[in-house]
Structures are given as structure tokens and as C-alpha cells.
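The values are calculated or read from the model by the stated rules, or taken from the named source; none is laboratory data. Not measured: the values here are computed from a predicted model. Quick reminder, even Gly has a Cβ in these numbers, built from the backbone with ideal geometry, and neighbours come from all protein chains shown.
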Amino acid sequence: MNPSAFLALQDLDTALDVITHQRPRLPEVIAHQQAAAAVAELAAGLAEAQQRIDAAQAAIEASEHAAGELTKKRSRLEAQLKTVIAPREAEALMHEIDTINAHRSDLDDQELAALDEQAQGEAAAAALTAELPAREASLTAAQAQLAAAHATVDAEVASLREQREAVVAGLGAESTALYERVRKQFGGVGVARLEGSHCSGCHMDLSPRELDLVKAVPADTLAECPQCGRIIVR
Ligand SMILES: [Zn+2]
């Protein structure tokens with residue numbers, strides 16, 4: 001048994017645990033998420049502006065179609081008006097023509113409002129489109145920074161794993177199995193350091209008597225923390 005190899009393995013695993021925890025929380029990950037959200041927000045704004053433009057276009061076409069129908073109807077009535085003799089009939093036709101003209105005027109107002117709405121939608125779309133290249137460039141930069149950060153982390157992980165393999169090879173299968181069992185039992189940290197009278201695993205101070213017990217264990221034998229039961233290395 002080589003207690004210090006247990007500790008070396010624990011230190012490597014702790015470092016790997018820290019990196020694994022940090023990898024999805026790197027500042028570059030957050031910056032990338034923000035840059036992607038900014039592009040998505042712009043795309044949503046553009047889609048909304050396009051919907052406004054399309055709805056206004058549909059309203060313009062509907063107004064124009066209805067106005068066309070009214071014009072046809074008015075032409076028919078005007079032709080009819082030339083052929084009637086009875087004043088009451090002529091009056092009724094003229095009243096109908098007036099109604100059509102009023103309706104047409106309403107349609108013209110609606111079309112003007114729709115044209116205005118369409119122009120506003122186009123202005124909004126143009127403003128968003130102008131902003132798009134800058135946001136896309138930010139996203140591309142954030143992607144590159146994220147890839148670089150991940151590459152650094154991955155290289156570190158690879159190096160730690162390589163060191164781990166070397167320690168495991170030196171420790172042997174039986175000791176490694178014991179180490180793994182204790183690590184699992186204590187939720188990741190199964191091997192602690194004795195720092196003065198303090199256990200780095202449970203952060204408790206050992207009593208002088210407990211300290212003597214730990215120190216009495218031969219150097220090539222594994223000692224246990226009397227407080228938490230972790231392997232404790234002097
Ligand atoms: Zn302890």
C-alpha cells in the first residue's frame with residue numbers, strides 16, 4: 001500500500017471533477033449563449049415585422065379589391081340613372097351612389113392606414129436587418145472563443161487522465177478498486193489529508209488521542225479518519 005498514491009489519485013479525480021463541473025459554466029459558454037440569444041431575438045423581431053408587412057399588404061389588397069367592386073357597382077348605377085325617368089327612382093339611385101362613395105372613402109382611409117402600417121413594418125425590418133451583421137459577427141466571435149476555451153479545458157482533462165492512468169498503473173488493481181469503493185462511498189472524496197490535527201475530508205479536528213492513533217499507523221498502511229472514516233494520509 002502506498003498512501004500517498006491514494007492521495008495523488010484523489011487530487012487528480014478532484015481536479016477532474018472541478019473541470020467537469022466548470023466546463024458547461026465557463027464565461028465563454030455564457031457569452032456564447034447571450035450572443036446566440038441576441039441573434040435569435042433579432043430574428044424574432046424580423047419575423048414579427050414581416051408579419052406586420054404581410055398583414056398590411058393583405059389589407060391593402062382587400063381594400064383595393066372592395067373598392068374595385070364598388071366602382072363597378074357605381075358605374076352600373078350611373079348608367080341606370082341615365083335611363084330612369086321617375087324622380088323618386090332617380091333619387092333612390094343617387095342615394096345609393098352616395099352611399100357607395102362614402103363606403104369607398106372609408107376604404108381609401110383603410111388603405112392609407114394599411115400603407116402607413118406597412119411602411120412602419122418595413123422601417124422596423126430595415127433597422128433590424130442593419131443590426132444583424134454586427135450581432136452575427138459577435139456570435140461567430142463567441143463561437144470561436146468558446147471552441148478555444150473548450151480546447152484548453154479538454155487538453156487539461158486529457159493531461160489529468162494521462163496522469164491518472166500512470167498513478168493507477170503504479171497502484172495496482174486491488175488498491176485502485178479499494179480507492180474507487182471509498183471514493184464512491186464518500187461522494188467523490190474518499191481520501192483526505194491530515195493537516196495538523198485537521199482532516200481535509202470532514203474538516204474536523206482530531207483529538208490528541210485520535211491523532212496519536214492515526215500517527216501510530218505504519219507509513220505504508222492506510223489510516224482512517226476517526227471522525228469521518230475516510231482514508232487519511234499524513
Ligand atoms: Zn475526516
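Annotations
- Filter result for residue 168 (touching a residue at least 12 places away in the same chain (Cβ under 8 Å), over 30 Å from residue 42 (Cα atoms) and either surrounded by fewer than 17 Cβ atoms within 10 Å (Cβ to Cβ) or away from the ligand (no atom under 16 Å from the Cβ) (or both)): yes
- Matching residues, segment 197-218, being within 13 Å of the ligand (Cβ to nearest atom) and part of a loop (DSSP other than H, G, I, E, B): 197, 200, 201, 202, 203, 204, 206, 207
- Pairs are defined by a Cβ separation below 9 Å, a sequence spacing of at least 6 or placement on different chains, a first member in segment 13-41 that is touching a residue at least 12 places away in the same chain (Cβ under 8 Å), and a second member that is basic (Lys, Arg); the pairs so defined are 13/164; 13/183; 16/161; 16/164; 29/23; 35/135; 38/135; 39/135.
- In segment 122-145, the residues that are touching a residue at least 24 places away in the same chain (Cβ under 8 Å) and over 10 Å from residue 46 (Cα atoms) form Cβ pairs under 8 Å with partners that are polar (S, T, N, Q) and in a helix (DSSP H, G or I), at six or more places apart or across chains, as follows: 142/34.
- The C-beta contact set for segment 184-195 (first residue away from the ligand (no atom under 11 Å from the Cβ), second residue in a loop (DSSP other than H, G, I, E, B), distance under 9 angstrom, 6+ apart or interchain) comprises 184/190; 185/229; 185/230.
- Residue match in segment 149-156 (condition: more than 25 Å from the chain's Cα centre (by Cα) and surrounded by 12 or more Cβ atoms within 10 Å (Cβ to Cβ)): yes
- Unmet requirement for residue 179, which otherwise passes all of (1) surrounded by 13 or more Cβ atoms within 10 Å (Cβ to Cβ); (2) among the hydroxyl-bearing types (Ser, Thr, Tyr); (3) within 30 Å of residue 28 (Cα to Cα): (3)
- Boolean, residue 229 is away from the ligand (no atom under 13 Å from the Cβ), at pLDDT 95 or above and assigned to a loop (DSSP other than H, G, I, E, B): no
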